[in-house]
Amino acid sequence: MWSCHFVDIHTAVKDGLFLNIDEVKAALDDPECWAQEYECRFLDAQSILLSYELIANCESQDAPALAPPDFWQSSHPNPLVIGIDFGRRRDLSVAWSLARQGDVQQTVEVLEMDKLSTPEQVERLRPRLHRAQRACLDYTGAGVGLGDYLVKEFGEWNPNQHKHGKIELCTFTNPLKVEIFSKMRMAFERRSLRIPVSRAIREDLRSINRVTTATGQITYRAAHSPDGHADRSTALALALRAASTGATKVEWSRPIIREDLRHLRSLGQAPSKVYL
């Protein structure tokens with residue numbers, strides 16, 4: 001036997017829950033998230049970035065959630081890229097690694113780190129970054145410190161400033177969010193991506209909503225949950241960005257020094273024209 005009950009936040013407070021609705025709503029500052037999470041209203045399907053169908057089309061048993069322990073000490077025939085979303089206390093840290101296989105980006109690993117200290121996270125990331133051709137990191141909030149540390153060790157990648165290391169520091173402005181999440185949806189639509197079969201990853205990907213603000217601006221948001229704040233999705237979107245920015249070789253017209261050339265060759269990004 002079972003029965004159906006509808007209890008939104010207004011009903012709960014009326015029935016005795018001690019809570020200031022206005023304070024909670026103001027702190028959340030997200031009308032669509034408020035409607036879904038606290039008023040039990042279904043969001044329009046058009047506002048969800050990735051449907052279950054799009055996600056399922058890219059799930060594959062051949063895409064592991066965790067690479068074997070010796071994988072990062074072995075050679076890999078295809079270029080590897082990583083997207084890193086850093087969390088310390090409240091959210092997960094996730095490093096999503098991809099390898100190109102033909103016209104498909106195959107997941108190599110989805111490394112999740114929960115409440116690990118920053119030095120411990122760096123130790124786990126180091127062998128992965130040594131193997132990666134490019135990495136994109138969320139350089140916002142707590143990620144600023146980690147980004148500065150990793151740039152010191154692996155170098156910054158910024159073609160506009162003639163920097164040719166591995167780490168691209170991605171400050172999460174709204175234009176960047178719109179770009180990377182829109183391109184992530186395009187990858188799912190084209191089925192040019194392979195991801196693990198995982199309920200946690202599936203729900204994380206589906207948690208991102210496309211929101212139109214009161215001023216008509218498009219943005220992307222996800223509600224906080226006990227399982228994080230779309231940390232896996234953000235890491236995947238950053239990994240796809242790393243794959244696209246690392247796909248083309250740079251045509252150089254300025255002199256470079258021999259040390260630059262050796263470093264670029266080690267990354268597989270040696271320029272086609274060199275003036276020594």
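The values are calculated or read from the model by the stated rules, or taken from the named source; none is laboratory data. Quick caveat, the model's predicted, so the values are computed rather than measured. Here the Cβ is made from the backbone with ideal geometry for all residues, glycine too, and neighbour counts use every protein chain on show.
The listed residues are G155, G143, and the only one of them that is at pLDDT below 90 and in contact with a strand residue (DSSP E or B) (Cβ under 9 Å, 6 or more places away or on another chain) turns out to be G143.
Within segment 222-253, the set of residues being at pLDDT 75 or above and under 24 Å from R89 (Cβ atoms) comprises A230, D231, R232, S233, T234, A235, L236, A237, L238, A239. Do we have Q105 as within 27 Å of E203 (Cβ to Cβ), at pLDDT below 90 and not in a loop (DSSP other than H, G, I, E, B) here? The answer is no for Q105. When restricted to residues that are touching a helix residue (DSSP H, G or I) at 6+ places or on another chain (Cβ under 9 Å) and at pLDDT 90 or above, segment 52-68 contains 7.
Reported count of residues in segment 150-178, each being in contact with a Ser or Thr (Cβ under 9 Å, 6 or more places away or on another chain) and surrounded by 15 or more Cβ atoms within 10 Å (Cβ to Cβ), is 6.
Report the residue count in segment 114-123 for those that are assigned to a helix (DSSP H, G or I) and either surrounded by 15 or more Cβ atoms within 10 Å (Cβ to Cβ) or among the hydroxyl-bearing types (S, T, Y) (or both). Write out each step before concluding.
Quick first cut of segment 114-123, residues assigned to a helix (DSSP H, G or I) only: 118-123.
Restricting the remaining residues to those that are either surrounded by 15 or more Cβ atoms within 10 Å (Cβ to Cβ) or among the hydroxyl-bearing types (S, T, Y) (or both) gives 118, 121-122.
Total meeting the criteria: 3.
For segment 118-131, the candidate set comprises residues that are out of contact with any Asp or Glu (no Cβ under 9 Å at 6 or more places or on another chain) and in contact (Cβ under 8 Å) with a residue 12 or more places away in the chain; within that set, the residue that is nearest to F154 (Cα to Cα) is H130. Checked against (1) closer than 19 Å to S51 by Cα; (2) out of contact with any Asp or Glu (no Cβ under 7 Å at 6 or more places or on another chain); (3) modelled with pLDDT under 95; (4) surrounded by 23 or more Cβ atoms within 10 Å (Cβ to Cβ), R210 passes all but a single condition, namely (4).
Going residue by residue through segment 93-116, is there one that turns out to be assigned by TED's automatic domain parsing to the domain that holds R206, touching a helix residue (DSSP H, G or I) at 6+ places or on another chain (Cβ under 8 Å), under 28 Å from P196 (Cβ atoms) and without any contact (Cβ under 8 Å) to a residue 40 or more places away in the chain? Yes. Residue count for segment 87-102, restricted to those that are modelled with pLDDT of 90 or more and either in a loop (DSSP other than H, G, I, E, B) or surrounded by 24 or more Cβ atoms within 10 Å (Cβ to Cβ) (or both): 6. The set of residues in segment 181-196 that are among the charged types (D, E, K, R), under 14 Å from Y220 (Cβ atoms) and touching a helix residue (DSSP H, G or I) at 6+ places or on another chain (Cβ under 7 Å) contains only K183.
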